[in-house]
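The values are calculated or read from the model by the stated rules, or taken from the named source; none is laboratory data. What you see is a predicted model; the values in this text were computed from it and never measured. We place every Cβ from the backbone using ideal geometry, glycine too, and count neighbours over all the protein chains shown.
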Amino acid sequence: MDRKTHPVSRSEVDWKRELSPEQYRILRQCGTEPAGSSPLNHEKRKGEYVCAGCGAPLYESATKYESGSGWPSFYRPKDGAVETRTDKSHGMVREEVLCARCGGHLGHVFPDGPRPTGLRYCMNGGALKFMADEK
């Protein structure tokens, strides 16, 4: 995977050792989990979604919504948490979403989301971990 340098950088050997095979496939090889397969689709508690690769905070639970796509969807990431790049794979042009801290593939962003942003950050649940508020 062609990546720029990120604040968290590991060798592919280290990534393979630290991640589950599914997390490695998604985060480091731009994989996609099957629609509807992530337990995070049904997560309703208050908290924060972080990168499964490096633990960087990515999304607040208040920005999560049911998009009907089969993947956890958010209308806004935390400031500076993600970066995007053009993805021309699979015969289409999309905007890939990456963790700004480790460069891990998270999913894609589409211009069909709700207000206030109009964006749908369609994320692979395997690329995320949910951290419930302790309240």
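Criterion first (in contact with a strand residue (DSSP E or B) (Cβ under 9 Å, 6 or more places away or on another chain), at pLDDT 95 or above, in a loop (DSSP other than H, G, I, E, B) and surrounded by 11 or more Cβ atoms within 10 Å (Cβ to Cβ)) does residue 67 satisfy it? Give the derivation first.
On the way: in contact with a strand residue (DSSP E or B) (Cβ under 9 Å, 6 or more places away or on another chain): yes; at pLDDT 95 or above: yes; in a loop (DSSP other than H, G, I, E, B): yes; surrounded by 11 or more Cβ atoms within 10 Å (Cβ to Cβ): yes.
Yes, satisfied.
Please state which of the following conditions residue 86 fails to meet, knowing it meets all the rest: (1) in contact with a Leu (Cβ under 6 Å, 6 or more places away or on another chain); (2) under 22 Å from residue 5 (Cβ atoms).
Going through the list (1) in contact with a Leu (Cβ under 6 Å, 6 or more places away or on another chain); (2) under 22 Å from residue 5 (Cβ atoms), residue 86 breaks only (1).
Tally up the residues in segment 94-132 that are among the hydroxyl-bearing types (Ser, Thr, Tyr), within 15 Å of the chain's Cα centre (by Cα) and in a loop (DSSP other than H, G, I, E, B), please.
0
Report whether or not residue 66 is among the acidic types (Asp, Glu), at negative phi and in contact (Cβ under 8 Å) with a residue 60 or more places away in the chain. It would help to see each step written out before you state the result.
Details: among the acidic types (Asp, Glu): yes; at negative phi: yes; in contact (Cβ under 8 Å) with a residue 60 or more places away in the chain: no.
No.
Which one is surrounded by the fewest Cβ atoms within 10 Å (Cβ to Cβ) among residues in segment 74-93 that are touching a Ser or Thr at 6+ places or on another chain (Cβ under 8 Å) and either without any contact (Cβ under 8 Å) to a residue 40 or more places away in the chain or not in a loop (DSSP other than H, G, I, E, B) (or both)?
Looking at residues that are touching a Ser or Thr at 6+ places or on another chain (Cβ under 8 Å) and either without any contact (Cβ under 8 Å) to a residue 40 or more places away in the chain or not in a loop (DSSP other than H, G, I, E, B) (or both), I get 93.
Is there any pair linking a residue in segment 16-37 that is more than 19 Å from residue 101 (Cα to Cα) and modelled with pLDDT of 95 or more to one that is aromatic (Phe, Trp, Tyr) and surrounded by 14 or more Cβ atoms within 10 Å (Cβ to Cβ), with Cβ under 8 Å and at least six apart or on different chains, and which?
Pairs that qualify, where the first residue is more than 19 Å from residue 101 (Cα to Cα) and modelled with pLDDT of 95 or more and the partner is aromatic (Phe, Trp, Tyr) and surrounded by 14 or more Cβ atoms within 10 Å (Cβ to Cβ), are 33/71; 35/71.
When segment 10-19 is examined, which residues are found to be assigned to a loop (DSSP other than H, G, I, E, B) and either on the phi > 0 side of the Ramachandran plot or surrounded by 13 or more Cβ atoms within 10 Å (Cβ to Cβ) (or both)? So that I can check it myself, show each step before the final result.
From segment 10-19, those assigned to a loop (DSSP other than H, G, I, E, B) are 10-11, 19; that's our starting set.
Scanning segment 10-19 gives 10, 19.
Listed residues 103, 113, 55, 126; which is surrounded by 16 or more Cβ atoms within 10 Å (Cβ to Cβ), touching a residue at least 40 places away in the same chain (Cβ under 8 Å) and at positive phi?
103
Being over 25 Å from residue 20 (Cα atoms), buried (at least 21 other Cβ atoms within 10 Å of the Cβ) and out of contact with any His (no Cβ under 7 Å at 6 or more places or on another chain): is that true of residue 120 here?
Judged against the criteria, residue 120 is a match.
Is it the case, given these coordinates, that residue 48 is touching a residue at least 12 places away in the same chain (Cβ under 8 Å) and either not in a strand (DSSP E or B) or not charged (D, E, K, R) (or both)? Break it down into steps so the answer makes sense when it comes.
On the way: touching a residue at least 12 places away in the same chain (Cβ under 8 Å): yes; either not in a strand (DSSP E or B) or not charged (D, E, K, R) (or both): no.
Considered against the rule, which asks whether it is touching a residue at least 12 places away in the same chain (Cβ under 8 Å) and either not in a strand (DSSP E or B) or not charged (D, E, K, R) (or both), residue 48 comes out as no.
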